[in-house]
Structures are given as structure tokens and as C-alpha cells.
Amino acid sequence: MLELSHASGDPLDRPVDILLIACGDGEWEAGDPAAGANGRLDGLLQRSAAEERFRGKPGQSLLAHTHGALPARRVALVGLGPLEGDAARALRTSAANAVRIAGAVGASTAAFAWPRFAGAAALEAAAEGAWLGAYRFDRYLTDERSRAPALASLALFPPAPVDEAAAAAALGRARTATRAVARARDLVNEPAGVLTPTRIAALASEWAAAAGISVEVLDRAACAALGMGLYLAVAQGSHEEPRFVHLAWKPTGARRRLVLVGKGVTFD
């Protein structure tokens with residue numbers, strides 16, 4: 001998993017393979033990391049942005065070599081879009097794109113900075129985006145695409161310092177959430193011939209046991225006994241035996257019940 005860290009100080013002084021800066025539309029205000037990098041590069045970034053029509057929109061990027069003007073070998077502006085709406089989503093998307101850019105240029109170390117949106121919530125959103133951007137499903141690749149990505153570490157530079165305890169908690173939440181998302185993506189990406197109902201039930205039982213969640217797996221006979229005719233009718237479309245997985249988490253002091261029903265048809 002990509003190693004993330006919360007950093008403080010000036011990201012422009014970080015000696016990394018690539019410095020990634022989230023930049024919004026026309027965002028060159030004094031104090032912003034994009035403006036600082038532009039100043040140290042004698043206006044190169046702003047000139048290049050005008051020539052390349054970079055407007056800081058989501059999905060846009062601008063890459064330049066620093067040629068020793070910064071400790072970082074390269075600098076990249078990553079489109080952030082407006083922060084007036086869902087700032088967490090904008091930052092999450094920008095961080096994911098930043099990680100992909102770093103991987104595309106073969107960087108091993110990187111730093112990611114952004115303007116204005118500060119606090120532990122911003123750090124958590126950036127960490128989520130970075131880890132999700134680093135996700136790869138390469139289990140069945142046999143060519144050069146199967147090689148591990150070069151990017152090993154990413155330092156996150158929020159626009160204002162975050163208390164270390166709050167930062168550690170934010171990174172912990174982001175790690176838990178993105179591991180769960182990656183696990184779900186792995187399940188979706190597996191071919192149906194591998195991820196059969198029996199295999200899903202086995203994985204669910206294994207993960208539930210590790211998390212302290214009770215699990216019950218119903219086979220065809222148990223489903224029939226409960227009158228689950230429609231469910232069994234769908235299962236007739238495959239020679240694989242059906243499995244119905246029931247997970248239950250009962251935290252101490254819980255006063256309400258929440259039920260989530262998932263569709264796990266593996267052969268369509």
C-alpha cells in the first residue's frame with residue numbers, strides 16, 4: 001500500500017521526485033503553493049498554463065521540469081476545480097489524479113499540496129483520494145503492466161498545520177475506508193469463474209471472523225426452507241451452488257437496527 005504521511009512546512013522545499021500541487025481555476029493568489037512554485041520558476045507555470053489552456057479544472061494537469069529551481073525534480077499542477085461546493089470531493093479527486101500522474105512519470109517519492117481547504121477533514125479527503133488513486137488490479141497481468149508501481153511514498157501538505165493526533169486519526173479513517181473500497185473493487189474485478197458464490201461466502205466468513213462480526217451462510221436447502229423462491233430461481237441460471245450470506249454486527253448499546261441488502265449475482 002502506498003505510504004502516506006502528514007507533513008508540515010513549505011512543500012516547495014521538499015526534495016522529492018515530483019511535487020504535485022492542486023490548483024483551481026485562475027488560482028495564483030499569494031500564499032498558495034501554485035503561486036509560490038510559479039514565483040520560484042520565474043513565472044514558467046503561469047505562462048505554460050496560459051499556453052496549454054490549463055484552467056485548474058478537474059482532470060486537467062500541467063507538468064514541468066524544475067531544472068534545479070526547486071528541490072523537487074518535477075512539478076505538476078493538478079486540476080482542483082472550485083472548492084465552494086463539495087470541497088472534500090474535489091480534493092479527493094485531485095489527490096487521486098495526482099497519484100496517477102506521479103506513477104505515470106515513474107516517480108518514487110512525491111509531495112501533494114493544496115490551497116485553502118484546511119483541517120483534519122481535508123487531510124482525510126486527500127488521503128482517501130491518494131490511496132484510491134493508487135489502486136490497481138493486476139493479478140492476472142503477465143506483461144510489463146504487472147510490475148509494481150514506482151511511487152512508494154507521498155507526503156501530504158495541507159495549507160495549515162493539523163494537530164498530530166487529529167492527523168493520525170484522519171489518516172487512520174482514510175486507510176480503513178480505502179482498504180474496504182479496494183476490497184470491494186477486487187471482488188468486482190475478479191472473473192465469475194473465480195469468484196463463485198461459494199468463494200464469496202468463504203471470504204465473507206473469513207473477513208467477518210477477523211472483524212468480530214457474526215456470519216451465517218445459507219445453502220440451497222436452507223434458502224428453500226425459508227421460502228426464497230425468487231432467489232433460487234435466479235440461481236438456476238448457473239451450475240454453481242447458491243449461497244446467501246447474512247452478516248450481523250451488534251455493538252454494545254445499539255438501540256436501532258439498520259439493514260443493508262446487497263446483490264451478489266456472480267455470473268451476469
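Brief remarks on what is shown
- Filtered residue count, region 81-94, keeping only those that are within 25 Å of Val181 (Cβ to Cβ), without any contact (Cβ under 8 Å) to a residue 40 or more places away in the chain and open to solvent by 50 Å² or more (accessible area, probe 1.4 Å): 4
- Test: residue in region 230-243 that is without any contact (Cβ under 8 Å) to a residue 60 or more places away in the chain, basic (Lys, Arg), part of a loop (DSSP other than H, G, I, E, B) and closer than 27 Å to Tyr140 by Cα: yes
- Unmet criterion (only one of (1) in contact with a strand residue (DSSP E or B) (Cβ under 6 Å, 6 or more places away or on another chain); (2) hydrophobic (A, V, I, L, M, F, W, C); (3) under 12 Å from Trp114 (Cα atoms)) for Ala72: (3)
- Condition check for Asp143: more than 14 Å from the chain's Cα centre (by Cα), charged (D, E, K, R) and over 23 Å from Leu20 (Cβ atoms): yes
- Only one entry of Phe117, Phe112, Phe137 meets the criterion of being in contact with a helix residue (DSSP H, G or I) (Cβ under 7 Å, 6 or more places away or on another chain), among the hydrophobic types (A, V, I, L, M, F, W, C) and over 26 Å from Glu164 (Cα atoms), and that entry is Phe137.
- Among the residues of region 100-112, at least one is touching a Ser or Thr at 6+ places or on another chain (Cβ under 8 Å), closer than 20 Å to Gly9 by Cα and in contact (Cβ under 8 Å) with a residue 60 or more places away in the chain.
- Of all residues in region 34-57, those that are in contact (Cβ under 8 Å) with a residue 60 or more places away in the chain have Cβ atoms under 9 Å from Cβ atoms of residues that are open to solvent by 20 Å² or more (accessible area, probe 1.4 Å), 6 or more apart or on another chain, in Ala34/Trp28; Ala34/Gln46.
- Of all the listed residues (Arg185, Arg199, Arg173, Arg255), the sole one being without any contact (Cβ under 8 Å) to a residue 24 or more places away in the chain, in a helix (DSSP H, G or I) and either over 30 Å from Glu29 (Cα atoms) or in contact with a strand residue (DSSP E or B) (Cβ under 7 Å, 6 or more places away or on another chain) (or both) is Arg199.
- Where strands (runs of 3 or more DSSP E) fall wholly inside region 1-80, the ranges with 3 or more residues that are open to solvent by less than 30 Å² (accessible area, probe 1.4 Å) and within 22 Å of Leu171 (Cβ to Cβ) are 18-23.
- Failed criterion for Gly212 (all others in (1) closer than 24 Å to Tyr135 by Cα; (2) out of contact with any strand residue (DSSP E or B) (no Cβ under 6 Å at 6 or more places or on another chain) hold): (1)
- Members of region 103-122 found to be open to solvent by less than 30 Å² (accessible area, probe 1.4 Å) and among the aromatic types (Phe, Trp, Tyr), listed by number: Phe112, Trp114
- Scope region 202-216; condition among the charged types (D, E, K, R) and in a helix (DSSP H, G or I); matching residues: Glu206
The values are calculated or read from the model by the stated rules, or taken from the named source; none is laboratory data. From a predicted model like this one, the values you see are computed outputs, not experimental measurements. Here the Cβ is made from the backbone with ideal geometry for all residues, glycine too, and neighbour counts use every protein chain on show. These accessible areas exclude ligands, DNA and RNA; they are computed on the full protein's heavy atoms, side chains included. Shrake-Rupley method; radii C 1.70, N 1.55, O 1.52, S 1.80 Å.
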